Amino acid sequence: MDYVTAQYPPKFIRGLFELTEEQINAALNYIEANRADVEAEYQMVLKEVEELRLYYEEKNRDFIARIAAQPPKPGTEVAWKKLRAAKAKFKSEL
């Protein structure tokens, strides 16, 4: 549904999931014929995904902080410096 909602072309979705022409047409026809029900279930899935993301983010907060505090592995300093610069640039453009 993410791809349908974002209006990706059926050919792209078909290739992404290795579907036949018949399968993608059946799926899109079903979605269109049952739009309200499919959309309601899709919203429930999105809500559950967000709840799980928040749960695991909280559950793993200390672990992620420990990993982030570790120094970079030898030989990766330049790559980390570039990554931090790219992140800073991205944040400044928001």
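The table below gives the values:
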item	result
Residues satisfying the stated conditions in the range 71-81, i.e. exposed (fewer than 10 other Cβ atoms within 10 Å of the Cβ), at pLDDT 90 or above and not aliphatic (A, V, I, L, M)	P74, G75
Filter result for L46 (surrounded by 11 or more Cβ atoms within 10 Å (Cβ to Cβ) and more than 16 Å from the chain's Cα centre (by Cα))	no
Count of the range 13-31 residues which are surrounded by 10 or more Cβ atoms within 10 Å (Cβ to Cβ), touching a helix residue (DSSP H, G or I) at 6+ places or on another chain (Cβ under 9 Å) and not basic (K, R)	12
Residue count for the range 39-85, restricted to those that are basic (K, R) and closer than 30 Å to V4 by Cβ	2
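The values are calculated or read from the model by the stated rules, or taken from the named source; none is laboratory data. All figures in this text were calculated on a predicted structure; none of them were measured in a lab. Glycine gets a Cβ as well: all are built from the backbone with ideal geometry, and neighbour counts include every protein chain shown.
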